[in-house]
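Structure first, then comments.
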Amino acid sequence: MKTLTFNKYSVTLLHLLFWIVSFNLFNAFFSRGVESGYVLDDFELTTGDILLISNVIIIVLLTPFIWFFKPLKTWIKWIVTTGIFLTVAWYIAMSILPKGENLIVPIILLFFLDNFLYVFIFHITIVAAVYVNARILIRKYLSQGRFLIYLTAALILAIISGLINYVLFNMVIDKIFPQLFYISWFKVWELILIIAGYLAITTIAFLLWQYSRMLITNQEKARNELSALKAQINPHFLFNNLNTIYALAEKGDPRTKEVILQLSDFLRYVLYDTSSEKIDLEKEVEIIKTYIELQKERITKNTTEVIFNTKGDYTGAQIAPLLLLPLAENCFKHGVGKSHGTIEITILLSNNELHFSTSNSIERRENPLNHQEGGIGILNVEKRLNLLYPNNHRLTFTDEGGLFKVDLTIGLA
């Protein structure tokens, strides 16, 4: 699954799309054609016609800005620009020719004055309030956790913007464009509520954006942990197994080929087969079994007993790669020594719940929770679990009487 990312151009397009939708909503709401139909020289315009004309005007006005959009190829910019302006020129020519009865140009001009211009001016205070909220209030207060100060500042911003909008239309616009009188009936409190609604939308969008960035960051952290895990395959494990293979080959042991194949399968899985976010649990269990068989070749069977138990049907179950293997590796790092000991690893899947447990005698050379040479250790596994299975796992470990136990439960639903 690809991670959703945004560059500056896609963010700009999202902003632009938001304002175009807002513009169209207010255009339809303010238009005289909504209730009774807008009639001009016996030419009736429906709400759909008004929105169509409005968006045509928007496209024409925005056309020059496509030249600042770098990802778009130059020849595409030329085609779009030429096509739009040729279309406009054709409509103008049709309207001024002697036999031309096309009313589209006068309709656009009158519509521009009666509706488009008003909605454009109406949005000035809204746009200003939204970006003051986004660029200043949210960054300075909300993102810093100063919620009460933010709410107070946002309320003051809504009140000030509403008052400016009211004064702008009742003392300036009504005098400059008296034909817009039919819309300027908004009361101050209505303007404040409208602007407060926009501020609320801005804030919700910011919170959703922050949440999405947090998810993306967590996914990236999880991938980095996995990459680090691949890069930190215990070199001692490789050296020990190569030495084991060498010893088997020197004696002409028929198991040499089998052990080489096992090591090859193990390395292929760790380095290449774990690129997906999730893999089949059956495959992860099989690689742990391969790892255990490789370790058995190098340990002294008389001093270390290895028990591996698997229970349940793993068909269809999936898990994040390389979560269980480090826990199994931990047993052999700390449970193999000169004295007698036992390593027991159990994997159980029941009702979409995975239970993984290990138990090993502790050689008192070092702390089993420490990060080891080349390994990531239990603490790093715990970090990956928090990223990949938040609130859906339980990891415990105990160290009693020379026996170290790990118990892991993960919900795989």
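Residues of region 388-413 being part of a strand (DSSP E or B), touching a helix residue (DSSP H, G or I) at 6+ places or on another chain (Cβ under 8 Å) and touching a residue at least 40 places away in the same chain (Cβ under 8 Å), which ones?
The answer is F404, V406, L408, I410.
Collect the residues in region 115-169 that are polar (S, T, N, Q) and touching a Ser or Thr at 6+ places or on another chain (Cβ under 6 Å), keeping them in residue-number order.
Listed by number, the residues that qualify are N115, T125, N133, S161, N165.
May I ask you to say which residue of T274, T256, T244 is surrounded by 12 or more Cβ atoms within 10 Å (Cβ to Cβ), modelled with pLDDT under 80 and over 40 Å from the mean Cα position of the chain (by Cα)?
From the options T274, T256, T244, the qualifying one is T244.
Out of region 273-285, which residues are among the acidic types (D, E) and closer than 11 Å to I347 by Cβ?
E282, E284
Which residues, taken from region 384-413, are under 16 Å from L324 (Cα atoms) and among the β-branched types (V, I, T)?
Across region 384-413, the qualifying residues are T396, V406, T409, I410.
With respect to E297, determine if the residue is acidic (D, E), crowded, with 17+ Cβ neighbours inside 10 Å and at pLDDT 85 or above.
No, not satisfied.
Looking at region 58-82, I want the residues that are surrounded by 13 or more Cβ atoms within 10 Å (Cβ to Cβ) and have a partner that is part of a loop (DSSP other than H, G, I, E, B) with Cβ atoms under 8 Å, at least 6 apart or on another chain. Which pairs are those?
Sorted first by the residue in region 58-82, then by its partner, the pairs are I66/L72; K77/F69.
Residues that are among the β-branched types (V, I, T) and within 18 Å of P326 (Cβ to Cβ): does region 294-303 have at least one?
No; the residues of region 294-303 include none that is among the β-branched types (V, I, T) and within 18 Å of P326 (Cβ to Cβ).
Please work out if L349 is more than 29 Å from R384 (Cα to Cα) and at pLDDT 85 or above.
It is false that L349 is more than 29 Å from R384 (Cα to Cα) and at pLDDT 85 or above.
If we only count helices (runs of 4 or more DSSP H) wholly inside region 245-355, which ones have 2 or more residues that are in the same structural domain as H393 (by TED's automatic domain parsing) and of a type in the set (S, T, Y)?
Helices (runs of 4 or more DSSP H) meeting the threshold: 256-271, 281-296.
The values are calculated or read from the model by the stated rules, or taken from the named source; none is laboratory data. Predicted model only: the values in this text are computed from it and were never measured. Note: ideal-geometry Cβ built from the backbone for every residue, glycine included; neighbour counts use all protein chains shown.
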